[in-house]
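Accompanying notes for the structure given below.
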Amino acid sequence: MKKVLLSLALVLALVVSVTSCREKKEVEKEVDKVEAAAEDATEAAEEAATEMEEAAEGAVEDVKEAAEGAVEDVKEAAEGAVEDAKDAAKEAVDEAKETAAGELEKAADKLKKE
């Protein structure tokens, strides 16, 4: 009877140890999977943050370039307006000279006739 009880205890201990090892291995595999998933999620988050940062930098550069282009356009338009104003003033002065010269000639002719 002692042999049977000892054999039974030995078999029970063997079954528990085999079952216990199997569960540990499965748990370790699951833990490894969770750790790998966590690492993947961390890497994906870091990549997304980097891409967002690069996109923001690109947007800032685009805004800078657009602003610089707008400033250049305003400068060119202002220069063009100044040139147009100069031309218009010159034409007005020329017309005034011609008109004054014409009036002077008429007055001189009138004085000569008298």
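None of the figures in this text is laboratory data; all of them are computed from the coordinates on show. Bear in mind the structure is a predicted one, so any value in this text is a computation, not a measurement. For neighbour counting, all protein chains shown are included, and Cβ atoms are generated from backbone atoms with ideal geometry for every residue, glycine included.
With charges only on Cβ, +1 for K and R and -1 for D and E, what is the dipole size of region 40-106 about its Cα centre, in debye, rounded to 20?
Using only the charged Cβ atoms, the result is roughly 940 debye.
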What distance in nm separates the simple spin-label points at Lys25 and Glu68, each placed 7 Å from Cα in the Cβ direction? 6.5
For the residue pair Asp94 and Val34, what label-to-label distance in nm results when each label sits 7 Å from Cα along the Cα-to-beta-carbon direction? 9.0
Excluding residues fewer than 8 positions from Lys97 in its own chain, the aspartates and glutamates with Cα under 13 Å of it are Glu105
Cα centroid separation, region 62-90 to region 95-114 (Å): 42
